[in-house]
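Written below as C-alpha cells is the structure these notes are about.
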Amino acid sequence: MTGGTVDEESSYKPQRRCSVVYYGVGHMLNDITSACWFTYLLVFLTEIGLPPSEAAIVMLSGQIADGFTTIFAGELIDRYGHFKIWHGAGSILVAVSFSSVFGGCLPCKIMGSNSSSTQTLGYSFFAAIFNVGWAATQVSHMSMVNCITLNSTSRVVLASCRNAFTMVANLSLYVVAFVVFSFSSSGSVMEVENQYRWIAYSSIFIGCCFVGVFLFGTEEPRLKREAREKGHARISWTYWFKKILYYQVALVYVLTRLVANISQAFLAFFVINDLQMSQSSKALVPAVIYICSFIVSILLQEITWSGQRLKIIYSAGGLLWIVSGAGILFLPSSMKAFVYVLSTVIGVANALMTVSGVSMQSFLVGEDLNGCAFVYGSLSFLDKILCGLALSFLESRQSSVPMMQNCHSSNIHFSVTRYGLGLFPAICALVGVLVTLSMELLEPASLMDPLLPA
C-alpha cells in the first residue's frame, strides 16, 4: 500500500481524545471575550454615560469590521493556508484591543476630552480592531475542522468539543463577573470602569493560557498542506453559489447566531431593568444558561451523527427557543424567579441549535477542502453584518422606552428589551427550523464510525 493511500485512510479515522481537546480549547480567548462583548458592552457603555444610539454605533462598527475581515481572511487562508499563524496573530489583536475597550477610552485621555463624540470614536476604533483579530482567529480555527480529518463524525465531534469549551469560557467569564459585581460598588463612572476592567483583564489572561495550549498542542493541518503541494486547484466562489445547500446552511447558521447573540446582548438589560433583579444577576442568570449548554454539549459528543439526526436535534432546539421566547415576552416582574427556569430551557436550546447548526457546515464542505475557508468566512460575514444591524436597530430605540420602576410590578411591560430577548430570537428560531426541515443532507459512510476512540 502506498504512503499516500495510508495517509488518506488515516484521515478517515476518528480523532484521538487529546487531539480533540487541543483543538477545542483553541477558541477560548475568542469565546470568553465574545461572551463579555455581547453580554456587557452595551450595558457598560450606557452605564458610563454614552447614549444608547451611540453605544449602538460602537457595536455596529465592530460587527462591520468583523464581517469584512472574515471574507478577507477566508480568501487568504484558502490560498496560502497557515492556519496557526492567522490564529496567533488574531489572538494578539484580540488581547490588546479588548483591554483597550473595557480599560477606558484611551483616545479620550490622549485628546483630553470626554465628550460623547470622542468616546464614540475611541471605543469604535478599538471595537473595530478587536473584531478584526476576532474574525481572523475564528475563520482559521473553524476552517481547520475540515482539514484535520475527512471523517464526518470526527468533524461533528470537534465542533461539539469546541462548543463545550465555549461553555467553559462563558462560565469562566460569569464566575469572574459574579465575584466583581458582588464585591465592588458601581456608583460612579470610575467605579463602573474599574469593575469591567477587572472582568476584561481576567478574561484575557484565561483565554491566552488556552491559546498557548492550542498552538503548542496542534499541528498545521496535513490535508490542506498536501492538497497545496499536489497542486489541487482552489475551489471558486461560484462553485458554492450553485449549491442550494449553501444558501440553506448559510441561512440556518446566521439565524442561529442571531438567536444566540441578540438574546445575549439584551439579557443583562432584561434582568436589571425589566425584572428589577440584583446586579449579581447579570452574571448568575447567564451562568445558568451556559451550565445547561455545557452539559448538553458534552452529551451530544456521545451521539452517532447522521444528517437526519442533525435536523431533528436542531429542530428540537428551535422549538425550545420558541417556548422560551414566549415566556420571556410575557413574564411579569412579580415572577422574576421563573427566569431561572427559562434560562435552563434556553441553555439546552442554544446547545442543540449551535452544535447542529455549525456541524451542518461540515456536511456542506464535505471533502472540498480548498474552499472551506470561504464557506466559513462568507457565512460569518453574513452573521456579523446582520447581527450588527439588528443590535444597532434595537439598542438605538432603548432610550424611548420607560424604565420598569415606573410600572407596577405585577404588570407586563413590553419593552424593546423583551422584544430583543424574547420575540426576535423566537422568530429566528422558527424560520431556522423550517429551513432545516427542507434540507437534504447526504449521509457519508464514515458517520457510522465511533465518535471517539479510547
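The values are calculated or read from the model by the stated rules, or taken from the named source; none is laboratory data. For clarity, every value in this text was computed on a predicted model and none was experimentally measured. Note that each Cβ is placed from the backbone with ideal geometry, even for glycine, and that neighbours are counted across all protein chains shown.
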Handout entry: Test: residue in segment 303-311 that is part of a helix (DSSP H, G or I) and crowded, with 19+ Cβ neighbours inside 10 Å
Key = yes
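Kindly indicate whether any position in segment 40-55 is touching a helix residue (DSSP H, G or I) at 6+ places or on another chain (Cβ under 9 Å), hydrophobic (A, V, I, L, M, F, W, C), at pLDDT below 80 and closer than 29 Å to Val213 by Cβ.
Restricting attention to segment 40-55, the residues satisfying the condition of being touching a helix residue (DSSP H, G or I) at 6+ places or on another chain (Cβ under 9 Å) are 40-55.
Checking which are hydrophobic (A, V, I, L, M, F, W, C) leaves us with 41-45, 48, 50, 55.
Narrowing the set further to residues that are at pLDDT below 80 leaves none.
No, the conditions are met nowhere in segment 40-55.
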Handout entry: Criterion (buried (at least 16 other Cβ atoms within 10 Å of the Cβ) and either basic (Lys, Arg) or closer than 30 Å to Leu76 by Cα (or both)) met by exactly one of Leu331, Leu258, Leu320, Leu275
Key = Leu258
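Filter segment 169-180 down to residues that are among the aromatic types (Phe, Trp, Tyr) and surrounded by fewer than 20 Cβ atoms within 10 Å (Cβ to Cβ), then give me how many there are.
First, the residues of segment 169-180 that are among the aromatic types (Phe, Trp, Tyr): 174, 178.
Applying the additional criterion that residues be surrounded by fewer than 20 Cβ atoms within 10 Å (Cβ to Cβ) yields 178.
Qualifying residue count, segment 169-180: 1.
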Problem - For Ala65: the one exception among (1) at pLDDT 90 or above; (2) under 16 Å from Arg197 (Cα atoms) - result: (2)
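Within the group Ser182, Ser140, Ser160, which residue is under 19 Å from the mean Cα position of the chain (by Cα), part of a helix (DSSP H, G or I) and modelled with pLDDT of 80 or more?
Values: Ser182 fails: under 19 Å from the mean Cα position of the chain (by Cα); Ser160 fails: modelled with pLDDT of 80 or more.
One residue alone meets the criteria, Ser140.
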Handout entry: Residue selected from segment 388-426 under the condition among the small types (Gly, Ala, Ser) and part of a helix (DSSP H, G or I), by the criterion modelled with the highest pLDDT
Key = Ala426
Fill in the blank from the handout: The lone condition Val132 fails out of (1) of a type in the set (A, V, I, L, M); (2) within 18 Å of the chain's Cα centre (by Cα); (3) buried (at least 24 other Cβ atoms within 10 Å of the Cβ) is (3)
